[in-house]
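The values are calculated or read from the model by the stated rules, or taken from the named source; none is laboratory data. These numbers come from a predicted model, not from an experiment. Here the Cβ is made from the backbone with ideal geometry for all residues, glycine too, and neighbour counts use every protein chain on show. Heads up: the accessible areas ignore ligands, DNA and RNA and are worked out on the full protein's heavy atoms, side chains in. Shrake-Rupley method; radii C 1.70, N 1.55, O 1.52, S 1.80 Å.
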Amino acid sequence: MALFDLSLEELHEYRSESVEPQDFDAFWSKTLQETREHDLDARFERVETGLSTVDVYDVTFAGYGGHPVKGWLKLPAAAEGPLPLVVEFIGYGGGRGLPHENLLWASTGRAHFVMDTRGQGSAWGGGGGTADPVGGAPSYPGFMTRGIDAPEHYYYRRVYTDAVRAVEAARSHPLTDASRTVALGGSQGGGITIAVGGLVPDLVAVAPDVPFLCDFPRAATLTDRHPYREIGLFLKTHRGRSQDVLRTLSYFDGVHFAARGTAPALFSAALEDQTCPPSTVFAAFNAWARQDKAIEVYDFNDHEGGGPYQEAAKLRWLRAYA
């Protein structure tokens, strides 16, 4: 599809109409405080992979509600540390995959932690292994409307909290350098990265690619592609509940987390992206509070964004931070 959203000039000026809840900070402070009442209980078990340049550890830690969450920690073989730490979050439907997948960041001499996303890991890649033991009100198939009846019940409350705990778990390993921690991810992983950037104040850098979970009021009405379309299909049946749904989503909108972002940031957007429309990405980028920020724009790409070109851009950019 050719360009369908705002022009590049308009994108740089665009601001979201998402309304921040007055108790946004209190909601997240209470959520994280309640979760931290559970012991982090981070466990690292070395796994045999057949790899000679990377050591891999099967990780389990206590996420939201003390629920067990899985991850991989990948380290350069025979590393002595402490190493700069990259914490990565995964796109919608994917999981942490198999231990030999995704070796880029460990190959740079950094520690690399990949968080499994609860309840996901069955749509693509090598799969996942983290359940979501929390039930919810009626929802449209997928994850976007699970628990959407109230912020306290919403699925991404658990996921974002897991992500903060993933940073804490990765930092607890003796070979990682907590003072040089980077968060990154693409699509859903990019949206989670933005949330973590707003909730964890001492990251040295964040790199969200074509991020999802941003500017819900515009996204839900601009694109008819999934996953955002799940919201519209829910409201197609549950008529008259738009304002209640938007209120719940406002507690999870990347725009509001971006307004609290303190780390240097490298975003990316694709101008033909119908899954995460460029205006929704720019809504978060323009709201990002730190002035040390940049965005790579891919004119003729859809949701694949920059792909390996964006990986190269991140490799160059991160040298200055971690």
_Only four residue types carry charge here, +1 at the Cβ of Lys and Arg and -1 at the Cβ of Asp and Glu. Report the dipole size of the chain about the Cα centre in Debye, rounded to the nearest 20._
380
*asked:* Per-residue counts of other Cβ atoms within 10 Å, averaged by peptide: what ranking do you get for 40-48, 88-96, highest first?
replied: 88-96, 40-48
*Points 7 angstrom from Cα along the Cβ direction at Asp177 and Gln243: gap in nanometres?*
5.2
*Taking the Cα-to-Cβ direction at Thr221 and at Glu13 and moving 7 Å from each Cα, how far apart do the two end points lie in nm?*
2.1
_Which log10 I(q)/I(0) values does the range 1-86 give at q = 0.15 Å⁻¹ under the Debye formula, counting every alpha carbon as one identical point scatterer?_
-0.82
*Report Rg (one decimal) and Dmax (nearest whole number) for the range 251-293, counting Cα atoms only, units Å.*
10.5, 29
*For the range 80-191, what is the charge dipole size about the Cα centre, in debye to the nearest 20, if Lys and Arg each add +1 at the Cβ and Asp and Glu each add -1 at the Cβ?*
60
*For the range 168-247, with every protein chain kept in place, what is the accessible area per residue (1.4 Å probe, Å²)?*
36
*asked:* Compute a Gaussian network model of the chain, connecting alpha carbons closer than 10 Å, and tell me which residue from Glu101, Glu230, Glu304 fluctuates the most.
replied: Glu101
*Quick one: pull the percent of accessible area on the range 1-146 belonging to carbon and sulfur, 1.4 Å probe, ligands and nucleic acids left out.*
50
*Rounded, prolate or oblate: which fits the range 191-322, taking a ≥ b ≥ c as square roots of the Cα gyration tensor eigenvalues, rounded meaning a/c under 1.5, else prolate when a/b beats b/c?*
oblate
*Is the shape of the range 74-210 best called rounded, prolate or oblate, per the rule: a/c under 1.5 gives rounded, else a/b larger than b/c gives prolate, else oblate, with a ≥ b ≥ c the square roots of the Cα gyration tensor eigenvalues?*
prolate
*Can you flag which of Lys30/Lys70; Lys74/Lys314; Lys30/Lys74 are past 28 Å Cα-Cα?*
Lys30/Lys74
*Distances over 33 Å make up what percent of all Cα-Cα pairs in the chain?*
19
